[in-house]
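First, the structure itself, so that you have it in front of you.
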Amino acid sequence: MATEGENGQVKLIGATLSPFVVRVRIALALKGIDYEFIQENIQTKSELLLKSNPVHKKIPVLIHNGKPVCESMIIVQYIEEAWGNKAPNIMPKGPYNRAIARFWTAFVEDKLFPSMRGVFTGQGEQQQKAVEDSVTNFLLIEEALRTNQCFAGKAYFGGAEIGLFDIALGGFSAFIKAVEMATDSVLIDPEKMPFLSAWMDRFCKSDGVKEVMPDPAKQAEFVSEYISARRANMI
Amino acid sequence: MATEGEKRQVKLLGATLSPFVVRVRIALALKGIDYEFIQENLKTKSELLLQSNPVYKQIPVLVHNGKPVCESMIIVQYIEEAWSNKARNLIPKDPYDRAIARFWAAFIDNKIFPSLRGVFTGQGEQLQKAVEDSVTNFLLIEEALRTNQCFAGKAYFGGDQIGLVDIALGGMSTFIKAVEKATETILIDPKKMPLLTAWMHRFCKSDGVKEVMPDPVKHAEYISARRATMISPPTAN
């Protein structure tokens, strides 16, 4: 059992349902790092959060020995590097494979998440378009799983073990299912995306993941409430 | 001196005026890597580009021994790691300093560039809002230069030498100035942002940078011409 001395002092400012926070919790769990979880209230941001992330004022924030690290995938890479001696390694070894892992991670941030946001914030035609865009984006990942030599035929995008891109996308698993439930849409159709479906199932059952992944039904309630609240504020 | 064979091993698909391509060229220059530069025509994308970057179909793409790497800051990190023995190091050694460098590089991609693009393409009120957003974002960087312990008092964001954040932002230097000129706006006011102004000046004169930075006059002409094609008459509806 790690002592505080060995790992230093680790705090994570977050919220249990945030997929960005889930990503960080998975990385910490995989590395076996103990930490204090500080649940933020989304309506009223704490002084600690505002001080630790003055630029974005968002969760997650990892505070390691008093120094804050922000942005979920930057935090995950930090965890990998600060605890580089602790197995498992989240990043591949070779520079090319690392570039591929970062490329697909950036794809989730720059394309996939924005299209998904359109699904739960949009209505009517806009929402329909967002669903189509999300499906297109998931299909690109399905194809990468099928054909990219870094991924094809392996249990995870990271190979035999969970890696950076598994965390980047997999951390969103409950959130993706919740959005599907709350908006009555299908984003990952098992018939059209068999590899992605199988991977997600495998990922969600893995050690380190299953303990921190939110219950999709609870998350769906939260997403539904969020959608209703947004619509109520709309004229 | 690299042989022709060596040079063929590294290809960069790009366009000389693209700030994203400039970033990669700076990294290659700083590492002293020879490469074949393949100028892309943005209107008719080459087979090689479409094949190398099927997801985005965009430049820059670095092709190293036949394997393509896409997205400018991912390419820069790749260059650092694939040629890690070659001085200089573009990324700090310490994990915390790296996280800070990545944070600000992400800020430039996720906040600065979109607000700049808003200025580049905007008109009227939209333009005004984009200018305000850009100034707000640049002020945050000015403050980081002034107060963040990783950067304060140093020649570059990378310390004594150019690093990841310098490349991420500095690669945009002529683009920023060209957009200011074409829209007759000030995004980096030397009086309000003295540190940022001094840094940009220093950066643009550095070895490795000055050779690949676009000609500001040509860049300004290009941006003005592009803007002229965007201004369309109001529709009847």
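The values are calculated or read from the model by the stated rules, or taken from the named source; none is laboratory data. What you are looking at is a predicted structure, and each value in this text was computed from that prediction instead of being measured. Note that we place each Cβ from the backbone using ideal geometry, even for glycine, and neighbour counts take in every protein chain shown. Side chains included, ligands, DNA and RNA excluded: accessible areas come from the protein's heavy atoms. Shrake-Rupley method; radii C 1.70, N 1.55, O 1.52, S 1.80 Å.
Six or more apart or on different chains, Cβ atoms under 8 Å: show the pairs whose first residue is in the range B:35-58 and within 12 Å of chain A (Cβ to nearest Cβ) and within 16 Å of B:S18 (Cβ to Cβ) and whose second is part of a loop (DSSP other than H, G, I, E, B) and open to solvent by 90 Å² or more (accessible area, probe 1.4 Å).
Pairs that qualify, where the first residue is within 12 Å of chain A (Cβ to nearest Cβ) and within 16 Å of B:S18 (Cβ to Cβ) and the partner is part of a loop (DSSP other than H, G, I, E, B) and open to solvent by 90 Å² or more (accessible area, probe 1.4 Å): there are none.
Suppose we keep only residues that are open to solvent by 50 Å² or more (accessible area, probe 1.4 Å) and assigned to a helix (DSSP H, G or I) within the range B:23-58. Which one would you say is nearest to B:I108 (Cα to Cα)?
B:L50
So, one more: Go over the candidates A:Y78, A:Y96 one by one and state the one that is touching a helix residue (DSSP H, G or I) at 6+ places or on another chain (Cβ under 6 Å) and of a type outside the set (A, V, I, L, M).
A:Y78
Within the range A:64-81, track down each residue that is hydrophobic (A, V, I, L, M, F, W, C) and either closer than 16 Å to A:G170 by Cβ or crowded, with 23+ Cβ neighbours inside 10 Å (or both).
Result: A:V69, A:C70, A:M73, A:I75, A:V76, A:I79.
Let me ask another. Could you count how many residues in the range A:68-84 are within 8 Å of another protein chain (Cβ to nearest Cβ) and in contact (Cβ under 8 Å) with a residue 60 or more places away in the chain?
1
What are the residues in the range B:72-105 that are within 14 Å of B:D166 (Cα to Cα), touching a residue at least 12 places away in the same chain (Cβ under 8 Å) and among the hydrophobic types (A, V, I, L, M, F, W, C), if any?
B:M73, B:V76, B:L90, B:I91, B:I100, B:A101, B:W104, B:A105
Within the set of pairs 6+ apart or on separate chains, which have a first residue in the range A:120-135 that is without any contact (Cβ under 8 Å) to a residue 12 or more places away in the chain, a second that is surrounded by fewer than 17 Cβ atoms within 10 Å (Cβ to Cβ) and in a helix (DSSP H, G or I), and C-beta atoms under 9 Å apart?
Sorted first by the residue in the range A:120-135, then by its partner, the pairs are A:G122/A:Q128; A:G122/A:K129.
Conditions tested, residue by residue: (1) closer than 25 Å to A:K210 by Cβ; (2) more than 19 Å from the chain's Cα centre (by Cα).
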site	(1), (2)
A:N89	yes, no
A:K111	no, no
A:A152	no, yes
A:G171	yes, no
A:S185	no, yes
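I need a count of the residues in the range B:59-77 that are open to solvent by 40 Å² or more (accessible area, probe 1.4 Å), of a type outside the set (S, T, N, Q) and over 20 Å from the mean Cα position of the chain (by Cα).
2
Further, regarding this structure: For the list (1) farther than 15 Å from A:F113 by Cβ; (2) surrounded by fewer than 17 Cβ atoms within 10 Å (Cβ to Cβ), I need the number of the one condition that A:T183 fails.
(2)
Restricting the search to the range B:78-102, which residues are surrounded by fewer than 23 Cβ atoms within 10 Å (Cβ to Cβ), at the interface with chain A (Cβ under 7 Å from one of its Cβ atoms) and over 14 Å from A:Y78 (Cβ atoms)?
Of everything in the range B:78-102, those that are surrounded by fewer than 23 Cβ atoms within 10 Å (Cβ to Cβ), at the interface with chain A (Cβ under 7 Å from one of its Cβ atoms) and over 14 Å from A:Y78 (Cβ atoms) turn out to be B:E81, B:A82.
Among the residues of the range B:182-226, what is the count of those that are surrounded by 15 or more Cβ atoms within 10 Å (Cβ to Cβ) and under 18 Å from the mean Cα position of the chain (by Cα)?
Counting residues in the range B:182-226 that are surrounded by 15 or more Cβ atoms within 10 Å (Cβ to Cβ) and under 18 Å from the mean Cα position of the chain (by Cα) gives 20.
Further, regarding this structure: For the structure I just gave you, tell me whether A:N41 is open to solvent by 60 Å² or more (accessible area, probe 1.4 Å), within 14 Å of chain B (Cβ to nearest Cβ) and out of contact with any helix residue (DSSP H, G or I) (no Cβ under 8 Å at 6 or more places or on another chain).
Against the criterion (open to solvent by 60 Å² or more (accessible area, probe 1.4 Å), within 14 Å of chain B (Cβ to nearest Cβ) and out of contact with any helix residue (DSSP H, G or I) (no Cβ under 8 Å at 6 or more places or on another chain)), A:N41 does not qualify.
Would it be correct to say that B:T121 is under 19 Å from the mean Cα position of the chain (by Cα), buried (at least 21 other Cβ atoms within 10 Å of the Cβ), within 26 Å of B:T16 (Cα to Cα) and not aromatic (F, W, Y)?
No: the conditions fail for B:T121.
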